[in-house]
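Any read-out appearing in this document is the output of simple, stated calculations on the displayed coordinates, not a laboratory observation. Every value quoted in this text rests on a predicted model; they were computed, and no experiment measured them. With ideal geometry, Cβ positions are generated from the backbone for all residues, glycine too; neighbour counts draw on all protein chains shown.
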Amino acid sequence: MIIAVIIFSASILVYYKNITNLSDQDEELLDDILIDVKSISNSLMSQGYPYNWIEDNVVRIGITSDNRINETKLEQFSRIPYNDSRKLFGTAYDYYVYFRDRNNDIIPFNETLEGIGKPGVNSTNIQTVENPKKLVKVTRLIIRESDIKKMVIYLWY
């Protein structure tokens, strides 16, 4: 009976130790995702590098000039292949970026794109299409077309 109690206690101890380690791993993963989404957000809010970059020579993706959205850079950003943009952002995670107006209506990037990011994903189907383990959303206020808009960035694993 004593041996059974010792084995049972040891298995309970091992179980709780593993659960604690999983929680620590989840927390570290979430921290990594938060760092990456902040980095992507800051990059997009910059002018990028070089200053007048195009999809062929971009080193750092930035879509603003003089603290306003630069429509030319936005169009260039939409032309960069998804995996190339992930490398430029320096992230291993999937992302999706789009805009909303003051009424929370989606403002498309152009006539054919609601947003930019992982192919097949849009602002309403990330949860169903991707079923992410971790999903982080960052919203930044920006000036586009002489009005304040929201830039929404999702990053997930």
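Quick check on the exposure proxy: order M151, M45, M1 from fewest to most C-beta atoms within 10 angstrom.
So the residues, fewest neighbours to most, are M1, M45, M151.
More than 19 Å apart: what percent of Cα pairs in the chain qualify?
Distances greater than 19 Å cover 59 percent of the Cα pairs.
Karplus couplings for region 88-95 from phi (6.51 cos²θ - 1.76 cosθ + 1.60, θ = phi - 60°), rounded to Hz, Gly and Pro as x?
Listing the rounded values in order: 5, 6, x, 10, 9, 9, 7, 9 Hz.
How high is the relative contact order of the chain? Use alpha-carbon pairs under 8 Å, at least six apart in sequence, and give a whole percent.
Normalised by residue count, the contact order of the chain is 20 percent.
From the residues V121, V14, Y98, which one has its Cα farthest along the dipole of the chain in the positive direction, the dipole being from +1 and -1 charges on Cβ of Lys/Arg and Asp/Glu about the Cα centre?
The one lying farthest along the dipole's positive direction is V14.
Per residue, how much space in cubic angstrom lies within the convex hull of the C-alpha atoms of region 51-117?
100
To the nearest 0.05, what FRET efficiency results for S11 and D32 with a Förster distance of 25 Å applied to their C-beta separation?
The value I calculate is 0.20.
Using the charge dipole of the chain (Lys, Arg: +1 at Cβ; Asp, Glu: -1 at Cβ; taken about the Cα centre), state which of S78, P50, M1 has its Cα farthest towards the positive end.
It is M1.
Based only on other Cβ atoms within 10 Å, what is the fewest-to-most ordering of V14, V121?
Exposure proxy ranking, most exposed first: V14, V121.
Let me spell out the model: positive unit charges on the Cβ of Lys and Arg, negative unit charges on the Cβ of Asp and Glu, origin at the Cα centre of region 2-156. What dipole size does that give, in debye rounded to 20?
Taking the Cα centre of region 2-156 as origin, the dipole is about 200 debye.
So how do R79, R86 line up by other beta-carbon neighbours within 10 Å, fewest first?
Least to most surrounded, the residues fall as R79, R86.
At 222 nm, what helix-only mean residue ellipticity would the chain give, in deg cm²/dmol to the nearest 500, using -39500 (n - 2.57) for each DSSP H run of four or more?
-13000 deg cm²/dmol
Relative to the first principal axis of the alpha-carbon coordinates of the chain, what is the inclination of helix 2-44, with its axis defined by its Cα atoms, in degrees from 0 to 90 and to the nearest 10?
So the helix axis and the longest Cα principal axis differ by about 10 degrees.
Any chance you could run the full-extension gain for D84 through D105? It's 0.36 nm times the residue separation minus the Cα-Cα distance, nm to one decimal.
Result: 4.7 nm gained on full extension.
Report the number of Lys pairs in region 2-156 whose alpha-carbons are under 15 Å apart, with separation of 8 or more residues or on distinct chains.
The result is 4.
Report, by chain and number, residues whose modeled amide H sits under 5 Å from the one on E114, excluding near sequence neighbours (fewer than 5 apart, same chain).
Amide H neighbours of E114: F109.
Across region 46-59, in residue order, what do the Karplus-derived ³J(HN,Hα) couplings come to in whole Hz, using 6.51 cos²θ - 1.76 cosθ + 1.60 with θ = phi - 60° and x for Gly and Pro?
Here the 3J(HN,Hα) series is 9, 7, x, 9, x, 3, 9, 5, 10, 4, 7, 10, 5, 10 Hz.
Determine how many Å³ per residue the convex hull of the Cα atoms of region 71-157 encloses.
101
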